[in-house]
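One structure is given below, encoded as structure tokens.
Bear in mind that the values in this text are calculations on the coordinates, not laboratory data. Note that the structure is predicted; figures quoted are calculated from it, not measured. Using ideal geometry, Cβ is built from the backbone for each residue, glycine included, and neighbour counts are taken over all protein chains shown.
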Amino acid sequence: MLTLLGRTSSINVRKVLWTCNELGLQFQHEECDIDLTASTPMQSGFVFTELNPNAMVPVLLDNEFVLWESNTIIRYLANRYGDGSLYPHAAEARGRVDQWLDWQASELNRAWSYAFMSLVRRSPEHDDTSQVLKSIQNWSRFMRILDDRLKQTGAYVSGGEFSLADVAIGLSVHRWFGTPLDHPQLDAVQGYYQRITERPGFQKHCIGTP
């Protein structure tokens, strides 16, 4: 039995929820907030930090196997339970998916973090206007890189077919459009977002909180 631990408001938890939907997997989801569960037993009986010493969600339990880091989890699920459509077996095709997954987790995430925490989460620790502006500028720069890539493929990030890369980047695009800022006109990104939001897994797990 697969069990997913983590609050649905987390973009990284939603990656796993969406991937499970794309793979048609049955799973249990234990909604939990780290502030409440890091050092106390959860519904499942675990102390969260015994599963993930970083005290961050999501965490996946596949029977006795414990895994954390969202992109690692979705790769694992596609490897173990998928047919190669979300995460191709061929080295070059898989490398392209991995490239964009890693880009989302590093360059893109770092760009939007400060602006999102300030403008959406209203974090008092992210109230430096100059840093917000810098974050927005960097975020826009990376979104233009994505726009150029989508112009090349005409469909999805890694090519013509939907992949794990689109789960991660699709949620980041959802966050982009859900953050109150001046969005540059990026037609390829806009078309991509429309395609992403039509998928049942997105509609079930990702609509709402950016």
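Note on segment 116-131 and segment 71-100: Cα centroid distance 34 Å, given to the nearest whole angstrom.
Here the dipole of segment 46-131 is about 200 debye; that uses its Cα centre as origin and unit charges on the Cβ of Lys and Arg (positive) and Asp and Glu (negative).
For the options Arg122, Arg75, Arg149, a Gaussian network treatment of the chain with springs between C-alpha atoms closer than 10 Å singles out Arg122 as fluctuating the most.
With all projection directions averaged, the alpha carbon convex hull of segment 64-133 covers 6.8 nm². Derived from the Cα gyration tensor, the three semi-axes of the equivalent ellipsoid of the chain are 27, 24, 14 Å, largest first. Kyte-Doolittle mean at least -1.0 and Cα extent at least 24 Å along the axis: which DSSP H helices of the chain qualify? Helices meeting the span and hydropathy rule in the chain are 129-153. Scaling the Cα radius of gyration of segment 145-210 by the globular reference 2.2 N^0.38 Å produces a ratio of 1.05. Each of His174, Ile11, Thr72 was scored by the projection of its Cα onto the charge dipole of the chain, and the greatest displacement toward the positive side belongs to His174; charges sit on the C-beta of Lys, Arg, Asp and Glu.
Have a look at Thr129, Thr153, Thr197 and tell me which one the Gaussian network model of the chain (Cα, springs below 10 Å) gives the largest fluctuation. So, out of Thr129, Thr153, Thr197, the one fluctuating most is Thr129.
Residues within the reach of a label modelled at Arg141 (point 7 angstrom out along Cα to beta-carbon, backbone nitrogen below 11 Å), restricted to segment 73-115, are 111.
Counting only the Cα atoms, segment 95-173 fills a convex hull of 77 Å³ per residue. When the Gaussian network model of the chain links Cα atoms closer than 10 Å, the mean-square fluctuations of Asn54, Asn109, Asn63 top out at Asn63.
In this simple spin-label approximation, Ser113 and Ser85 carry label points 7 Å from Cα along the Cα→Cβ vector, and these lie 3.5 nm apart. Normalised by 2.2 N^0.38 Å, where N is the number of residues, the C-alpha radius of gyration of segment 16-136 stands at 1.28. Given Cβ point charges of +1 (Lys, Arg) and -1 (Asp, Glu) and nothing else, what value in debye, to the nearest 20, does the dipole of the chain about its Cα centre take? The calculation lands at about 440 debye.
Partners of Lys151 within straight-line reach, counting aspartates and glutamates whose Cα lies under 13 Å from its Cα and excluding those fewer than 8 residues away in the same chain: Asp187. Subtracting the Cα-Cα distance of Thr129 and Thr209 from their residue separation scaled by 0.36 nm leaves 26.5 nm.
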